Amino acid sequence: MKYSPSFRIWHWLNTIVVLGLLGTVFLRKTFLSWRTNSEILMNKLLEMDIEITATQAKVLAKAVRAGMWEWHIILGYALAFLLIYRVYLFFTFKRTKKSFSSLSTHKKAVRASYYLIYATLTFMAVSGLIIHFYQDLGLLKDTAHDIKEIHELVFNIIMIFVPLHIAGVIIAENRDQKGIISTMINGEK
Ligand code: HEM
Ligand code: HEM
């Protein structure tokens, strides 16, 4: 067996969680953006003869966004647990894996992209938890803000990896690695 059942379950749960996290970011930056929505609120209220300031509109727009953004934190915890579980899997399930040096250049790049994404996800989980608990950790708001900027910057690596990874396995499936996707479902080689 190439992948144990627990490894496959891990991969798909991780997929759901990461896509979910990207979904919350997408919503925060588009339909639930406080900049856009505070303007909509101000304008629509004005049409009803209610005038509110930009600061008040911002409070309202952020309140509308809050319930959705809670999911970023919930899925964030899930990601942190999944990463811990991945470490456990690493030590308990030894799979037959070719050594890095024996791989073709292409496979080396693929393997390297996995190392990069594991490191990136770990960074996102650690930095995300730090921003979320910055007060409990005794950090200044400014420090939390700086970490958030890096969290947001590193998010781009995930944005690049996910489509490349999905396109990559689909292309491989259609070329010389028939069954690569079903192997991640049924575990067999
Ligand atoms: C794949 C993993 C993740 C991605 C791609 C991601 C992405 C992002 C992005 C892009 C932002 C900036 C949003 C903005 O200001 O427009 C952000 C903010 C944040 N993320 Fe994550 N994140 C991930 C994981 C986590 C985890 C594991 C946690 C921890 C619970 C977390 C907690 C936070 C917090 C607290 C903020 C700041 C929100 C605020 O300023 O109100 N994130 N995340
Ligand atoms: C957003 C989400 C995803 C993330 C973060 C992710 C992450 C990963 C990682 C880290 C590996 C390497 C596992 C290892 O060997 O340690 C992997 C392998 C794999 N993933 Fe994903 N994955 C995602 C989505 C998907 C999707 C949607 C598909 C199917 C269409 C897929 C199909 C595969 C396959 C077939 C492999 C094995 C590839 C190989 O043998 O090189 N993944 N994925």
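Laboratory data are not the source of any read-out in this text; all were calculated from the coordinates shown. From a predicted model like this one, the values you see are computed outputs, not experimental measurements. Cβ placement follows ideal geometry from the backbone for every residue including glycine, while neighbour counts extend to all protein chains displayed.
Points to keep in mind about this one:
- In a fully extended conformation the segment linking ASP146 and SER113 would gain 9.2 nm over its present Cα-Cα distance, using 0.36 nm per residue.
- Only lysines eight or more places from LYS148 in sequence, or on another chain, were considered; those with a Cα closer than 27 Å are LYS29, LYS58, LYS62.
- Between helix 105-132 and the chain: long-axis angle, C-alpha atoms, 0 to 90°, nearest 10: 40 degrees
- Residue-span extension gain [VAL64 to THR36] - 0.36 nm each, minus C-alpha spacing: 8.9 nm
- For segment 1-70 versus segment 119-189, the spacing of their alpha-carbon centroids is 18 Å.
- Extension gain for the segment LEU45 to THR15, taken as residue separation times 0.36 nm less the Cα-Cα distance, is 6.7 nm to one decimal.
- Zone of PHE26's modelled label, taken as backbone nitrogen in segment 148-189 under 12 Å from a point 7 Å along Cα→Cβ: 163
- Spin-label model, GLN135/SER101: points 7 Å from Cα along the beta carbon direction are separated by 5.4 nm.
- When the alpha carbon gyration tensor of the chain is reduced to an equivalent ellipsoid, the three semi-axes, largest first, read 40, 20, 14 Å.
- Zone residues, segment 163-189, relative to THR92, backbone N less than 20 Å from point 7 Å out along Cα-to-Cβ: 185-188
- Seen against the Cα atoms of the chain and their longest principal axis, helix 34-47 is set at about 30 degrees.
- Using alpha-carbon coordinates, inclination of helix 141-174 to the longest axis of the chain, degrees: 40 degrees
- Counting every pair of alpha carbons in segment 83-153, the share spaced more than 21 Å apart comes to 47 percent.
- Partners for LYS97 among lysines (Cα-Cα distance below 26 Å; same-chain residues under 8 apart left out): LYS2, LYS107, LYS108, LYS178, LYS189
- Distance-filtered residues of segment 20-40 - backbone nitrogen under 16 Å, label point 7 angstrom along ALA54 Cα→Cβ: 34-40
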